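Visitor: Got a structure for you, written out below as C-alpha cells; questions coming shortly.
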Amino acid sequence: MTTTSINEKNRILDSLGCSQKPWILSQYLDFILKNDTGIRKQDSSRIFKSVASNPMGYTLAFNYLRTQWKELNDHYGPAFGLVSNMVAELPTYMNTPYQLAE
C-alpha cells in the first residue's frame, strides 16, 4: 500500500493470487469490486489473472465472473475492456466441453 514503484505493486498483486487457500483467493477476488481497498480499478484484471492462473483458483475465478457479471459491468461501465481481459484469462485451465459451453 505504501510503495510508489509500479513494478513492485504489480509483483505484489501477482503474488497475492498464488495462495493455495481457496478462502484467501476468494477474498482477493472480492477486492475487485470494492472501492476502499487501495487497489486501483485498472489493476482488477491483474488480480483476476493472478487467481485464474492458479490451479487452485481458476474455478473460483470462473464462478466469480459468472456470479458477479452484472456487478462487474455496473462497476466498470465504459471501462468494460477490463472485464473482457478477465474473460480472456480463463481458457488456460477451462478446457472441457462443459466448461467451454459455460
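The values are calculated or read from the model by the stated rules, or taken from the named source; none is laboratory data. Here the structure is a predicted model, which means the values were calculated and not measured. Reconstructed Cβ throughout: ideal geometry from the backbone, glycine too, with neighbour counts over all protein chains shown. What goes into the accessible areas is simple: the full protein's heavy atoms, side chains included, and nothing from ligands, DNA or RNA. Shrake-Rupley method; radii C 1.70, N 1.55, O 1.52, S 1.80 Å.
Visitor: I need the full set of residues from region 11-52 which are in contact (Cβ under 8 Å) with a residue 40 or more places away in the chain and under 13 Å from Glu89 (Cα atoms), in order please.
Guide: Ser44, Ser45, Phe48, Lys49, Ala52
Visitor: Turning to a different aspect of this structure: Being at pLDDT 90 or above and farther than 29 Å from Thr4 by Cβ narrows it down to one of Leu65, Leu60, so name that one.
Guide: Matching residue, one of Leu65, Leu60: Leu60.
Visitor: Hey, another quick one. Identify all residues within region 20-40 that are in a helix (DSSP H, G or I), more than 20 Å from Thr2 (Cβ to Cβ) and either open to solvent by less than 30 Å² (accessible area, probe 1.4 Å) or among the charged types (D, E, K, R) (or both); write none if there are none. Talk me through it step by step, then tell me what you get.
Guide: Going residue by residue through region 20-40, those that are in a helix (DSSP H, G or I) are 22-33.
Still in the running and more than 20 Å from Thr2 (Cβ to Cβ): 22-27, 29-30, 32-33.
Scanning region 20-40 gives Leu25, Leu29, Asp30, Ile32.
Visitor: Which residue, of Ser53, Ser44, is modelled with pLDDT under 95 and under 9 Å from the mean Cα position of the chain (by Cα)?
Guide: After applying the criteria, what remains is Ser44.
Visitor: Pairs only if they're at least six apart or on different chains, beta carbon under 8 angstrom, first in region 53-64 and of a type in the set (Ser, Thr, Tyr), second open to solvent by 70 Å² or more (accessible area, probe 1.4 Å) and in a helix (DSSP H, G or I); list them, first residue then second.
Guide: Close Cβ pairs (under 8 Å, with a partner that is open to solvent by 70 Å² or more (accessible area, probe 1.4 Å) and in a helix (DSSP H, G or I)) amount to Ser53/Thr92; Tyr58/Thr92.
Visitor: Which of (1) exposed (fewer than 14 other Cβ atoms within 10 Å of the Cβ); (2) more than 30 Å from Thr96 (Cβ to Cβ) does Thr67 not meet, given it meets every other one?
Guide: (2)
Visitor: What's the total number of residues in region 41-57 that are open to solvent by 50 Å² or more (accessible area, probe 1.4 Å) and within 25 Å of Ala101 (Cβ to Cβ)?
Guide: 4
Visitor: So which residues in region 68-84 are within 16 Å of Phe31 (Cβ to Cβ) and at pLDDT below 75? Steps first, please.
Guide: If we filter region 68-84 for residues that are within 16 Å of Phe31 (Cβ to Cβ), which is where we start, we get 68, 71-72, 75-76, 82-83.
Selection gives Leu82, Val83.
Visitor: Condition first: within 16 Å of Ile32 (Cα to Cα) and modelled with pLDDT of 75 or more. Now tell me which residues in region 85-99 satisfy that.
Guide: Hit for region 85-99 is Met86, nothing else.
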